[in-house]
Amino acid sequence: MAQPRGRPRGLTLEQISDAVLEDGIATFSMPSIARRLGVAHSGLYRYIRDREELLVLSLDRIATEASWPSPDLPWREQLQGIGETLWTICGEYPGYANAVVGSKHVSPGFVAAVSPYIRSMQEQGIDEVAATAAVEFVSTLVITSSISADRLRLLQDDPDVPEHSIPGFADPELWGGRAWYARHLGVYLDGLAGRIAAD
């Protein structure tokens, strides 16, 4: 029986995260990444402590390479832009939303990406806690809306699933689009604007 090959010369963390993104960020396993790279499963642990560390490394890479809006924009446009960036990420990396939910750690790359917005919103008169909560709300809303949209798309052709009986949910775009996300975001941003005006 042939012995598994050792690590190829020049294997880098970028190559390993490439393999994760090709394999599927929500579903990869250490053995599947080892197979993609042509190394022994045990050989990966020379570079990475465990799957969670590799997941966070890959989430960091996604955040670092994403196109984020300018922090010089008005706060409302910043938050809308953060949402658009995250929707783009969810589209480019299937399973991203589930991977974020399943991770035990917040990606430092994501924190670094959104920190300028929190500082900018403070400069625009929003206190630090409210600014941080706003960024967290938008990111969580995209993640949960993306997961829900994926789930609903799987059900939309199922004849055993009745049409939703709550009028607020009776929107065809909810099944495959982002209408429900847009409604939630609009309500939240209007509420934040009212709070800022009152202060």
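The values are calculated or read from the model by the stated rules, or taken from the named source; none is laboratory data. Owing to the predicted nature of the structure, the values given are computational and were not obtained by experimental measurement. Heads up, the Cβs are rebuilt from the backbone with ideal geometry, glycines too, and the neighbour counts pull from every protein chain shown.
Could you grab the pairs with beta carbons closer than 8 Å, sequence gap of 6+ or different chains, first residue in segment 134-152 and more than 15 Å from GLY186 (Cα to Cα), second one not in a helix (DSSP H, G or I)?
Within 8 Å, the pairs are ALA149/GLY177; ALA149/ARG178.
Looking at VAL111, is it without any contact (Cβ under 8 Å) to a residue 40 or more places away in the chain, part of a helix (DSSP H, G or I) and of a type outside the set (S, T, N, Q)?
yes
When you go through GLY43, GLY81 one by one, which is the residue that is modelled with pLDDT of 95 or more and small (Gly, Ala, Ser)?
Numbers: GLY43 fails: modelled with pLDDT of 95 or more.
Going through GLY43, GLY81 in turn, the sole match is GLY81.
Might you check whether a residue that is crowded, with 16+ Cβ neighbours inside 10 Å, closer than 22 Å to ALA131 by Cα and touching a Pro at 6+ places or on another chain (Cβ under 6 Å) occurs anywhere in segment 97-110?
Looking for residues that are crowded, with 16+ Cβ neighbours inside 10 Å, closer than 22 Å to ALA131 by Cα and touching a Pro at 6+ places or on another chain (Cβ under 6 Å), one finds none in segment 97-110, hence no.
Condition test on ILE89, is it among the aliphatic types (A, V, I, L, M) and under 17 Å from ILE62 (Cα atoms)? Reasoning before the result, please.
Working: among the aliphatic types (A, V, I, L, M): yes; under 17 Å from ILE62 (Cα atoms): yes.
Here the answer is yes, as ILE89 does meet what is asked.
Considering only residues that are among the β-branched types (Val, Ile, Thr) and farther than 17 Å from SER67 by Cα, look in segment 93-113 and name the one that is nearest to the chain's Cα centre (by Cα). Full working, then the answer.
Residues of segment 93-113 among the β-branched types (Val, Ile, Thr): 100-101, 106, 111.
Now restrict to residues that are farther than 17 Å from SER67 by Cα: 100-101, 106.
On the way: VAL100: 6, VAL101: 9, VAL106: 11 Å.
Ranking the candidates gives VAL100 first.
Do you know which residues across segment 42-60 are in a helix (DSSP H, G or I), in contact with a helix residue (DSSP H, G or I) (Cβ under 9 Å, 6 or more places away or on another chain) and free of Cβ contacts under 8 Å to residues at least 24 places away in the same chain? Outline the logic, then answer.
In the first step, residues of segment 42-60 are kept if they are in a helix (DSSP H, G or I); the result is 42-46, 51-60.
Keeping just the survivors that are in contact with a helix residue (DSSP H, G or I) (Cβ under 9 Å, 6 or more places away or on another chain) gives 42-45, 51, 54-60.
Of everything in segment 42-60, those that are in a helix (DSSP H, G or I), in contact with a helix residue (DSSP H, G or I) (Cβ under 9 Å, 6 or more places away or on another chain) and free of Cβ contacts under 8 Å to residues at least 24 places away in the same chain turn out to be SER42, TYR45, ARG51.
Might you let me know whether segment 114-135 holds any residue that is among the small types (Gly, Ala, Ser) and under 10 Å from the mean Cα position of the chain (by Cα)?
no
So how many residues does segment 114-131 have that are in contact (Cβ under 8 Å) with a residue 12 or more places away in the chain, surrounded by fewer than 18 Cβ atoms within 10 Å (Cβ to Cβ) and farther than 17 Å from ASP190 by Cα?
Looking only at that region, the number is 2.
Yes or no, residue by residue, for (1) aromatic (Phe, Trp, Tyr); (2) modelled with pLDDT of 95 or more; (3) farther than 27 Å from TYR117 by Cα; (4) surrounded by 15 or more Cβ atoms within 10 Å (Cβ to Cβ):
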residue: VAL20; (1), (2), (3), (4): no, yes, yes, yes
residue: ALA26; (1), (2), (3), (4): no, no, yes, yes
residue: VAL39; (1), (2), (3), (4): no, no, yes, yes
residue: SER58; (1), (2), (3), (4): no, yes, no, yes
residue: ILE62; (1), (2), (3), (4): no, yes, no, yes
residue: SER67; (1), (2), (3), (4): no, yes, no, no
residue: SER70; (1), (2), (3), (4): no, yes, no, no
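Starting from residues that are at pLDDT below 60 and either outside any loop (DSSP other than H, G, I, E, B) or in contact with a helix residue (DSSP H, G or I) (Cβ under 8 Å, 6 or more places away or on another chain) (or both), keep the ones in segment 165-199 and report whichever is farthest from ALA134 (Cα to Cα). Lay out the reasoning, then the answer.
Going through segment 165-199, the residues at pLDDT below 60 turn out to be 165-176.
Next cut, either outside any loop (DSSP other than H, G, I, E, B) or in contact with a helix residue (DSSP H, G or I) (Cβ under 8 Å, 6 or more places away or on another chain) (or both) only: 167-169, 171, 173-176.
Numbers: PRO167: 28, GLY168: 24, PHE169: 24, ASP171: 26, GLU173: 25, LEU174: 23, TRP175: 26, GLY176: 25 Å.
The extreme case among them is PRO167.
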